[in-house]
Structure formats: C-alpha cells, structure tokens
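Written out below as structure tokens is the structure these notes cover.
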Amino acid sequence: MSERVRTGVRVEGVVQGVGFRPFVYSLATSLGLAGLVGNDVDGVFAEVEGSTEAVAKFLVLLEQEAPPLARIERISTRSLGLTGEGPFVIAPSQLGGQRRTLVSADSATCADCLRELADPADRRYRYPFINCTNCGPRFTIVRDVPYDRPLTTMNAFAMCERCAAEYHDPADRRFHAQPVCCPDCGPSLSLVAASTDPPSDDPIGAAAGLLRAGKVLAVKGLGGYHLMIDAGNEAAAAALRARKHREDKPFALMVPDLATARALCAVDDVAAELLTCARRPIVLLPRRPGPGRLVAPAVAPGNRQLGLMLPYTPLHHLLLDAMARPVVATSGNVSDEPIAFRDSDARTRLAGIADAFLIHDRAIHIRTDDSVVRVAGGRESVLRRSRGYVPEPLTVSVTFPRPVLACGAELKNTFCLAKRDRAFVSHHIGDLENAETLRSFTEGIEHFRRLFDIEPELVAYDLHPDYLSTKYAADLDGVALLGVQHHHAHIASCLADNGEQGPVIGVAFDGTGYGSDGTIWGGEFLIADLAGFVRAGYLHPVPMPGGAAAIRQPWRMAATYLAASYPAGLPGDLAVRQRNERQWAAVLTMAERGINSPVTSSAGRLFDAVAALLGARDAVNYEGQAAIELEQLADPGERGSYPARVTPGAPSSSLAPLVVSGSDLVRGAADDLVAGVAAPVIAGRFHNGVAAVIATVCTRLREQTGLGVVALSGGVFQNLLLTGRVVSLLTDAGFRVLQHRRVPCNDGGISLGQAAVAGAWDRLSDA
Ligand SMILES: [Zn+2]
Ligand SMILES: [Zn+2]
C-alpha cells in the first residue's frame with residue numbers, strides 16, 4: 001500500500017481561456033485524485049491528493065497532455081498536509097491583484113469544430129463562427145483583461161440558453177470558451193455587393209460565385225480584411241494589382257487543403273506541419289516548375305516561391321470548400337497602408353478595389369496581419385510574426401530589472417514590452433511612414449500596456465533621429481531613454497532569440513541603419529554582447545547618389561560601384577550603362593562631388609548594384625526587390641566565387657576594423673559579364689563571394705578575439721542561398737552559428753533586440 005500525499009501545483013503561461021481547468025479536472029478524476037483546480041492572477045493553481053504514484057503520474061500527464069492552445073512556461077509544486085476531502089472540484093477563480101496571466105493567440109478552427117461544421121445534424125452546421133475552448137479568435141477580440149466574454153468584442157452577443165449551458169459545463173468542450181456562439185445567438189454573415197443586387201440568403205455561395213466570375217472580394221477575417229480573387233484568373237489578378245497599386249510583389253494564396261498545397265509547391269514534413277498548425281501562418285514554399293492552371297502568372301510573377309496558407313476560420317473553410325481551388329488572399333489595403341480591420345474604414349478604403357464585401361458583425365479589436373514563415377535548416381524561421389503568434393511572450397534567458405518599452409525601427413515595425421523574464425513583441429505594425437500606421441503603433445502600445453500590466457520605466461529607441469518611433473520615444477515623459485544602434489539591436493535580437501548573451505561576432509547585413517558615426521550602415525561586423533558592441537568590420541562605404549533615389553533605382557548603385565571597381569574606365573560597354581546612359585554621367589558627378597550622396601556600408605545596396613549590373617532590375621517597386629530577384633536568378637549549383645580584399649581600416653578603438661572591398665565583388669561580376677558568362681552563374685558566384693568574405697572576416701576576428709560564435713542578423717539573411725552558404729562555411733571553419741527562429745532577422749526583430757540591450761544596460765547599472 002503506497003503512501004498518500006497532497007501536492008500543491010502552480011502552472012504558469014498561457015493557461016487561461018484554453019480549457020486548462022476542465023483538462024485538470026478530468027485528468028485528476030481519471031486518476032482517482034481528490035483536490036481542486038482554479039484560476040488566479042498567476043495562472044492555474046491546483047491541489048491533488050492521492051497515492052504517490054497517481055500524483056506523480058498526474059504531474060507527468062499535466063505537461064504531456066495539456067490542451068492544444070496552452071503554452072506552459074513553468075510548473076512548480078510543493079507538498080501540503082492531507083485534508084482527506086471528497087471528490088475533485090473546480091474552485092472559484094481568485095482574480096484580483098496584479099495581473100500576470102497571458103492572453104492566447106488566435107487559433108485555427110480545430111478538427112472537432114470542423115466535424116460539427118460539416119455535420120447536417122449539428123446545430124452549428126455550416127455556421128461560419130463555430131469555435132470552442134481549443135480554437136477560435138482570442139487576441140483579436142480581447143478589449144481588456146481578465147480575458148472574459150464581457151471584455152471581448154463578443155460582449156455584443158448574449159449567449160442563448162444552449163450556448164450558456166455548454167459554456168458553464170466543465171465537462172463540455174466549450175466550457176469557458178469566451179467566443180462561444182451559435183446561429184441563434186452569435187454573429188451573422190452577409191454579402192454586400194453592388195447596391196442593385198438583392199441581399200443573398202447564401203452569402204458564401206454568392207461570394208464564391210463572384211470569385212469564379214473574376215470579381216475582387218473583400219473578406220473580413222480574424223485580424224483584418226483580405227482581398228480575394230480566383231488565383232487562376234489572370235485578368236482578376238491584373239485588376240487587383242492595378243487597383244491595389246501593387247506592381248509585382250507576390251500575392252499570398254489560400255488553398256483548400258494540403259493536397260492542393262503539394263500540387264503547387266514542394267512541401268516537406270516540416271512545412272506540412274507549419275501549414276496545418278493552429279497558428280496557420282503563410283508558409284513560403286519552393287514552387288513546382290511549370291505553368292499550372294491553378295495560379296495565374298500575375299499572382300507571383302517570376303517568383304520561385306509561393307506563399308501558401310490553409311483556411312483558418314470556419315468562414316474560410318466554407319468559402320474554400322465552395323471554390324475547391326486556390327484563391328489569392330492578400331491584405332485588404334492599398335499598397336503601403338496598413339490592413340483594414342474596422343468595418344466602416346474597410347468599406348471606404350477598399351471601395352475602389354473590391355467588387356463586393358463578405359462581412360460579419362463580430363468586431364475586430366486589434367489589427368493583425370497574417371504571419372509569414374518558412375523552413376530554414378529543417379526548422380521554422382519566422383519572417384513576419386503576427387496573427388497566431390502574438391501576443392505570446394518570448395521567454396528570454398535574462399531578466400529585465402525595470403519594465404521596458406522598445407519602440408522598434410521604421411520599416412516592418414514592431415514594438416516590444418518587457419518585464420521580468422518575458423518579452424511581448426507586438427504584432428507586425430508595418431512601415432511607420434504615415435498617420436495610419438503611427439496610430440496603430442501608439443494604440444498598440446497602449447493596448448499591450450493594459451493587457452500585460454506593464455508600465456515602462458525604460459524606453460529604448462533607434463538612433464535614427466527621423467524615425468517616427470524615435471520621435472515617439474523622445475516625447476515620452478517620466479521615463480529613462482536609451483538609444484540603441486540599429487545593427488547592435490539586430491545582433492542583440494539574434495542573441496535574445498537564441499537565449500544567449502554573447503559576446504559573439506555579429507554579422508548584421510541589411511539595407512539601412514543609422515550608424516553611431518551618423519553615416520548609413522548596413523554591412524557590419526560587430527563584436528557584441530547584449531550591453532554593447534565594437535564595430536569590428538564593415539563593407540567599404542560608397543556614395544548613394546540621390547539618397548533615397550538610389551534605393552529606388554539600383555542602377556545608381558551599379559554606377560557608383562562600377563566607378564569604384566574600375567577607376568581607369570569601364571571594361572567594354574555594359575548593358576546597365578546603356579540602359580541608363582542619359583543620367584549615368586550626371587549621377588556619377590553627383591556622387592563624386594558628394595551632392596545629396598550619403599555614404600553607406602550597406603550590404604543591401606551592394607546586392608542592388610549587382611542585380612542592376614546583371615539586368616535583373618534597374619528600379620524597384622518594393623523594398624528588397626532587386627536582391628530578391630538576384631537570389632532567384634542565381635544558379636544554386638554554381639560553386640565558383642569572386643574574391644574580395646579585406647584590409648585594416650583606421651582604428652576607432654583598440655581594434656582596427658576590417659574593411660571589405662565590395663567593389664572587388666562587383667568587378668568580378670562585371671569581368672565575367674564582359675567575358676560572356678551567363679547571368680545565373682555570375683549571380684551564383686557573387687553570392688558565394690559574399691559568403692566567403694563573411695567567413696574570412698569572422699575567422700580574422702576569431703584570431704583577434706578568441707570568439708567562436710557568430711550571430712547572423714539583418715534582412716539580407718532572408719536570402720536563403722546566401723545564408724546557406726555562410727552557415728556551411730562558418731560551420732566548416734568550426735564556428736557555432738546563431739540564426740533567428742522566433743523573431744524575424746529583418747527589422748521586425750529590432751524591437752526585441754532593443755529591449756534586450758535595455759535590460760542588459762539596466763542590469764549593468766544595477767550591479
Ligand atoms: Zn474548436
Ligand atoms: Zn447560441
């Protein structure tokens with residue numbers, strides 16, 4: 001006969017509103033345990049009493065079989081005296097005091113709900129808002145905490161008797177599912193088409209009919225509106241591009257099922273898992289060759305990849321079932337504006353784009369775009385972290401002595417609020433370049449402050465004086481301010497992403513970041529830890545003739561790079577020069593005289609130069625386009641490489657920085673071009689050359705510092721070809737390589753890095 005014990009259990013993490021108490025209840029009951037379970041400000045508390053074996057088994061299964069939406073951060077136990085009380089019970093909630101529990105992210109419709117959705121005998125048959133404890137809207141409908149129906153946008157819908165009975169029954173799979181509803185009491189769907197059309201009693205069927213007829217449909221989703229078209233309809237795709245003012249950035253697709261995804265793209269096991277997981281991100285996948293009638297050319301012109309997602313709301317499931325083929329599902333906005341999510345705003349802003357609106361009356365409280373991920377090195381790598389991921393906190397390996405707000409960068413902005421050992425990185429806000437995104441940013445910060453009860457005392461911001469996020473920080477009263485250099489934030493973000501503190505050799509390659517010396521950086525080698533950095537190497541700076549114009553027109557970078565590569569004159573008549581003959585000389589004069597030509601060590605601009613040289617693109621329509629197309633152009637089988645000199649520069653500290661000659665790489669490419677080598681081969685050799693020089697610099701820095709760990713960050717590392725080469729060269733050379741996983745390597749990860757720097761800085765001043 002084994003001993004009888006009573007154990008107190010505390011579970012922290014995302015454990016409320018996810019069916020945790022009913023799970024504990026049925027687990028304890030099945031093991032014959034007595035005791036109780038309840039919610040409080042810290043999460044879930046429980047007491048279990050029974051045989052030592054049963055209690056031990058309970059603790060194992062508690063973690064192993066937790067409900068799908070639960071994210072357990074910590075389980076702690078303590079022994080208690082026996083009480084000998086009766087059956088296991090669910091105790092009343094003890095809410096009050098400081099809030100420390102977490103709101104879960106939105107979650108794709110679960111298998112149980114899908115079964116009911118398709119069951120003619122079920123009372124929620126074909127009901128587009130079916131959900132349960134394990135699935136449905138969460139973060140996007142929460143107005144305040146505690147997460148309870150009155151504080152969500154479901155407060156407008158009073159539960160009918162049958163829904164209320166499910167909601168209050170601990171044995172029901174809708175126990176305390178805050179958005180629970182049915183056709184009798186919940187939101188309803190409608191199709192708003194041209195005013196002459198009669199209202200439809202089958203909005204889904206009518207919407208599918210419009211899509212098949214080549215119309216553009218605005219569809220209200222979880223975190224905002226999508227614009228949808230039949231993906232196989234070239235005319236519809238062209239119309240959508242014209243109306244959205246989106247020239248050639250690829251559209252994402254929603255496909256009915258995994259089989260369709262596999263027909264369009266190569267889907268390995270990891271990708272299949274990502275496509276079907278409850279977060280339901282857009283997954284970037286290698287496209288199968290061949291035209292294919294399911295996807296029109298204008299959907300993703302010249303792209304080797306497609307961004308695919310599976311339906312994640314019941315509404316999507318019904319619509320995609322009716323279509324039975326892929327649809328374009330792109331953000332409901334005009335290019336560069338944030339995604340529309342408020343009904344009246346959507347109707348106004350999308351009026352010139354959409355032919356009809358498929359809408360409903362459940363309000364979206366906070367805008368969240370679709371998240372974007374891909375598989376890199378056999379693991380998930382997040383490129384845009386938003387719906388389905390946010391607001392889950394990222395646990396970090398160090399603590400924040402004071403609550404921190406990090407304001408992020410300008411492009412792909414996110415902010416981050418951090419407290420103790422948790423960092424809440426916001427949803428994707430977008431490019432902070434207009435009043436609408438700025439409002440999203442400021443309102444988002446207020447919302448996160450309330451939800452997670454974080455009152456920032458230390459505020460981190462980018463050094464760039466003109467960023468709106470920097471100006472926002474400067475306007476705050478009563479807080480300590482800390483400027484964090486852009487590329488240091490990138491490396492700190494990579495460290496925090498990996499739970500490390502450094503020091504490391506940081507390689508931060510991107511388009512633009514304000515340097516500590518007031519010039520534009522972007523091809524940086526830093527010896528860095530969370531608290532500080534030394535600039536240990538960089539790409540030799542070149543002028544950007546015309547400033548921002550040189551970013552929009554990569555041929556200008558080709559002109560300056562070629563001038564640096566061939567001081568005695570160009571070898572032969574290069575096509576890039578012929579195409580831009582009219583302005584070529586004027587642009588070079590501008591650069592020579594330093595008129596509106598800031599210098600930059602940007603790696604992004606080096607890629608731009610080679611892209612223009614090879615004829616990939618003289619002018620871009622979206623950020624990073626030339627570099628993306630250069631990567632697409634490159635022959636991945638090419639093993640040749642261009643050498644680049646590395647020379648010591650003027651010492652700025654104890655360390656003489658290593659200066660990399662980018663123009664050597666451009667000369668290698670131009671020489672090959674003149675010699676008639678094919679562009680894909682040259683693009684491949686250029687990528688290999690960049691990778692080789694990164695490895696060379698890291699090796700030299702290891703000799704100087706003894707550091708054997710390299711952290712890779714910055715938007716340039718979205719380039720899979722380059723990253724693959726760099727990682728294999730560094731690994732072969734004996735380095736340990738840190739890469740981003742949980743937050744993007746692009747500027748979307750900057751806020752986490754700023755927060756990590758602020759925390760480290762605070763810990764130092766504490767000590
Ligand atoms: Zn469900
Ligand atoms: Zn109901």
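Test I505 against the stated conditions and say whether it is within 26 Å of I364 (Cα to Cα) and open to solvent by less than 50 Å² (accessible area, probe 1.4 Å). No.
It is to be established whether one or more residues within segment 655-674 are in contact with a Lys or Arg (Cβ under 8 Å, 6 or more places away or on another chain) and of a type in the set (S, T, Y). Yes: segment 655-674 contains one or more residues that are in contact with a Lys or Arg (Cβ under 8 Å, 6 or more places away or on another chain) and of a type in the set (S, T, Y).
Each row is one residue, and each column tells you yes or no for (1) under 31 Å from the mean Cα position of the chain (by Cα); (2) at pLDDT 95 or above.
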residue: V507; (1), (2): yes, yes
residue: D510; (1), (2): yes, yes
residue: G522; (1), (2): yes, yes
residue: I527; (1), (2): yes, yes
residue: P543; (1), (2): no, yes
residue: A550; (1), (2): yes, yes
residue: M557; (1), (2): yes, yes
residue: L570; (1), (2): no, no
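State yes or no: is P67 out of contact with any strand residue (DSSP E or B) (no Cβ under 9 Å at 6 or more places or on another chain), within 12 Å of ligand 1 (Cβ to nearest atom) and either under 25 Å from D42 (Cβ atoms) or part of a loop (DSSP other than H, G, I, E, B) (or both)? Yes: the conditions hold for P67.
Considering only residues that are at pLDDT 95 or above and touching a strand residue (DSSP E or B) at 6+ places or on another chain (Cβ under 9 Å), look in segment 608-626 and name the one that is nearest to L588 (Cα to Cα). Looking at the filtered set, the residue picked out is A609.
L294 satisfies every condition listed in (1) surrounded by fewer than 23 Cβ atoms within 10 Å (Cβ to Cβ); (2) over 14 Å from P326 (Cα atoms); (3) modelled with pLDDT under 95 except (2).
A search for C-beta distances below 6 Å between a residue of segment 342-368 that is over 20 Å from M154 (Cβ atoms) and any residue that is among the basic types (K, R), counting only pairs 6+ apart in sequence or on different chains, returns I353/R243; I353/K244; D355/K215.
Of the residues making up segment 53-85, those that are open to solvent by less than 60 Å² (accessible area, probe 1.4 Å) and in contact with a Ser or Thr (Cβ under 6 Å, 6 or more places away or on another chain) are V55, L69. Looking only at residues in segment 139-164 that are open to solvent by 60 Å² or more (accessible area, probe 1.4 Å) and assigned to a helix (DSSP H, G or I), the one that is nearest to ligand 2 (Cβ to nearest atom) is R162.
Filtered by the rule that a residue be surrounded by 18 or more Cβ atoms within 10 Å (Cβ to Cβ), of a type in the set (G, A, S) and farther than 19 Å from P680 by Cβ, segment 617-665 gives G624, A644, S661, G662, S663. Here the condition is being away from ligand 2 (no atom under 12 Å from the Cβ), free of Cβ contacts under 8 Å to residues at least 60 places away in the same chain and touching a Phe, Trp or Tyr at 6+ places or on another chain (Cβ under 7 Å); of D122, D169, it holds for D169 alone. Out of M154, M159, one residue alone is at pLDDT 90 or above, within 16 Å of ligand 1 (Cβ to nearest atom) and not β-branched (V, I, T). It is M154. Being open to solvent by less than 40 Å² (accessible area, probe 1.4 Å), part of a loop (DSSP other than H, G, I, E, B), touching a residue at least 12 places away in the same chain (Cβ under 8 Å) and away from ligand 1 (no atom under 14 Å from the Cβ) is the requirement here; does V180 meet it? In short, no.
The values are calculated or read from the model by the stated rules, or taken from the named source; none is laboratory data. Note that the coordinates shown come from a computational prediction; the quantities given were computed from them, not determined experimentally. In this analysis, Cβ positions are derived from the backbone assuming ideal geometry, glycine residues included, and neighbour counts consider all displayed protein chains. These accessible areas exclude ligands, DNA and RNA; they are computed on the full protein's heavy atoms, side chains included. Shrake-Rupley method; radii C 1.70, N 1.55, O 1.52, S 1.80 Å.
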